[in-house]
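Below is one structure, written out as structure tokens; comments come after it.
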Amino acid sequence: MSNLFYQGRGRKPTLDQARGVYMWDTDGRRYLDGSSGAMVCNIGHSNPNVLAAMQRQMEKSTFGYRLHFETEASERLAAKLAGLAPEGMNRVFFVSGGSEAVESGLKLARQHALATRQEKRWKVISRSPSYHGCTLGALAVTGYTTLTAPFAPMMREMPKVPAPRAYLDRLDPEDPETGRHYADMLEKRILAEGPETVLAFLVEPIGGASTGALVPPRGYMERVAEICREHGVLLILDEVMTGAGRTGTFLASEHWDLRPDIIVMSKGIGSGYVPLGAMIAHERLVEVVLDAGGFAHGFTYAGNPLACAAGLAVVEEIESQGLCANAERMGETLLARLKGLMQKHEIIGDVRGKGLLTAFEFMADRDSKAPLPKQLNAHQRFVDIAYEKGLIVYSRRTRDGVEGDHILVCPPLIVTETHIDEIIEDLDASLVEFAAEIAGQVA
């Protein structure tokens with residue numbers, strides 16, 4: 001009997017220790033962390049340089065409330081992140097996680113509108129499916145029915161546009177017209193809502209859990225940014241999952257040379273060592289808000305010196321070890337190997353991703369794109385099979401959280417080809433077992 005409870009009644013082994021890409025339970029069994037936890041542990045587990053940095057900070061102070069003190073650790077991390085962000089995005093607000101970062105971005109955007117006498121702007125357009133966090137504000141901009149429906153009466157749901165799932169719509173993702181097709185849906189929604197009422201567009205540059213490593217069609221992100229500029233709509237990039245080197249660049253926005261107004265980050269910048277997130281905003285937004293009376297928002301642990309010391313050490317490891325380049329190189333290898341599994345296993349209907357944010361999607365039929373029967377609960381069952389073989393992967397349902405099943409394969413950025421060999425071997429064995437288990441249940 002445990003006093004803890006989370007999503008359900010399931011129990012797991014007790015974690016004993018973790019090093020690099022491996023984790024061990026108290027029975028001595030080893031697991032390869034093929035999803036970096038929840039796409040969090042970008043630099044791997046128990047990095048000695050990060051642990052040493054945390055120890056040094058603990059010997060000085062573990063907490064300093066932001067209204068009482070400035071801290072060297074938070075200032076240094078803020079400067080580091082500003083230096084890695086696009087020009088002008090040099091103001092940083094620290095939080096403890098991705099949901100808090102998204103909430104902070106939404107509130108800054110709204111307060112900027114008020115400070116610039118654009119009071120009618122309050123609507124934040126996002127995509128469906130999408131996931132931006134579990135707080136009520138973040139859920140309001142999330143397009144994932146199974147997570148949002150229970151709380152609908154408690155929040156003001158925001159407008160949505162379709163995610164650019166070209167593979168399901170039978171469109172060529174390499175054709176710029178495909179990118180324009182999906183981006184134009186944003187412009188049509190802005191016009192339908194009334195441009196003067198639209199505050200921001202919130203989007204993951206590369207899809208995370210809700211769409212399974214969805215890389216946008218060619219030209220999509222550039223056109224989206226253009227549409228936002230034309231209508232005075234702020235562009236907020238959710239880089240909670242894609243940031244900190246995951247896709248082969250420190251920020252995924254670098255793949256398209258984007259110049260957003262706000263970036264929200266978490267997961268990889270703390271890399272599992274501490275709860276840490278950040279909102280990075282363009283100085284023109286922040287200065288106006290501060291001049292108008294200040295940012296009416298905050299969290300007790302914002303800028304915690306221990307968290308920031310760990311975060312700075314994480315970012316320094318990403319740089320010193322060349323982990324962005326390794327994510328790009330190993331990501332190409334991993335994606336090619338996953339495509340090899342697709343050729344071998346008919347239930348894989350699509351493979352996608354960039355860097356070490358990759359996924360494959362199950363389908364009952366590749367031609368019709370029909371999903372597996374939802375009662376099979378394939379995404380969870382496959383994860384359980386892989387776990388029994390010592391491989392940890394992550395899953396969600398692709399189609400609004402109701403059906404469709406994808407598996408995210410996102411190992412730490414320190415992964416080697418030997419590790420990828422092990423991942424593919426375990427995935428292959430898991431696919432064989434899973435296919436045999438559902439044989440006769442797929443029409």
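The values are calculated or read from the model by the stated rules, or taken from the named source; none is laboratory data. None of the values given here were measured: they were computed from a predicted structure. In this analysis, Cβ positions are derived from the backbone assuming ideal geometry, glycine residues included, and neighbour counts consider all displayed protein chains. Each accessible area value is taken on the protein alone, full model and side chains, heavy atoms only, with ligands, DNA and RNA left out. Shrake-Rupley method; radii C 1.70, N 1.55, O 1.52, S 1.80 Å.
Odds and ends about this structure:
- Global form of the chain, assessed from the alpha-carbon gyration tensor, a/c cut-off 1.5: oblate
- Remark: the stretch 337-353, residue by residue, has Karplus-estimated 3J(HN,Hα) of 5, 5, 5, x, 5, 5, 5, 8, 10, 5, 6, 7, x, 7, 10, 7, x Hz, where x stands for each Gly or Pro and the curve is 6.51 cos²θ - 1.76 cosθ + 1.60 at θ = phi - 60°.
- Relative to the Cα centre, the charge distribution of the chain, modelled as +1 at Lys and Arg Cβ and -1 at Asp and Glu Cβ, gives a dipole magnitude of about 980 debye.
- Burial ranking of peptide ranges 143-150, 405-412 (average Cβ count within 10 Å, highest at the top): 405-412, 143-150
- Exposure rank, largest accessible area first [E388, E222; 1.4 Å]: E388, E222
- Note on T116 and A435: the model spin-label points, each 7 Å out from Cα along the C-beta direction, lie 5.4 nm apart.
- Fraction of antiparallel bridges per DSSP, the chain only, in percent to nearest 5: 70 percent
- Modelled label positions at Q380 and E177, each set 7 Å beyond Cα in the direction of Cβ, lie 4.3 nm from each other.
- The value obtained for the stretch 50-156, namely the Cα convex hull volume divided by the number of residues, is 174 Å³ per residue.
- Over the chain, DSSP H runs of length four or greater, each weighted -39,500 (n - 2.57), average out per residue to a 222 nm ellipticity of -12000 deg cm²/dmol.
- Within the assembled protein chains, the solvent-accessible surface assigned to F69 is about 140 Å², based on a 1.4 Å probe.
- In Å², nearest 10: area of Y65 left accessible to a 1.4 Å probe: 60 Å²
- Gain in span if fully extended, W24 to M1, counting 0.36 nm per residue against the direct Cα distance: 6.1 nm
- Gain in span if fully extended, R9 to E59, counting 0.36 nm per residue against the direct Cα distance: 14.1 nm
- Couplings 3J(HN,Hα) of the stretch 69-85, computed from phi: 9, 8, 10, 4, 4, 5, 5, 5, 5, 4, 5, 5, 5, 4, x, 9, 8 Hz, in residue order, whole Hz [Karplus 6.51 cos²θ - 1.76 cosθ + 1.60, θ = phi - 60°; x for Gly and Pro].
- Peptide packing for 2-14, 128-140 was compared via the average number of neighbouring C-beta atoms within 10 Å per residue; ordered from the highest value, the list is 128-140, 2-14.
- Probe 1.4 Å, protein heavy atoms only - accessible area per residue of the chain in square angstrom: 43 Å²
- Theoretical FRET efficiency, 1/(1+(r/R0)^6), r = Cβ-Cβ of E157 and L290, R0 22 Å, to 0.05: 0.10
- Using a cut-off of 20 Å between Cα atoms, the listed pairs K160/K339; K344/K369; K80/K267; K160/K369; K123/K160 include K160/K339; K160/K369 as exceeding that distance.
- Per-residue HN-Hα couplings for the stretch 159-175 [Karplus 6.51, -1.76, 1.60; θ = phi - 60°; Hz; x = Gly/Pro]: x, 10, 10, x, 5, x, 8, 4, 5, 7, 8, 6, 10, 7, x, 8, 8
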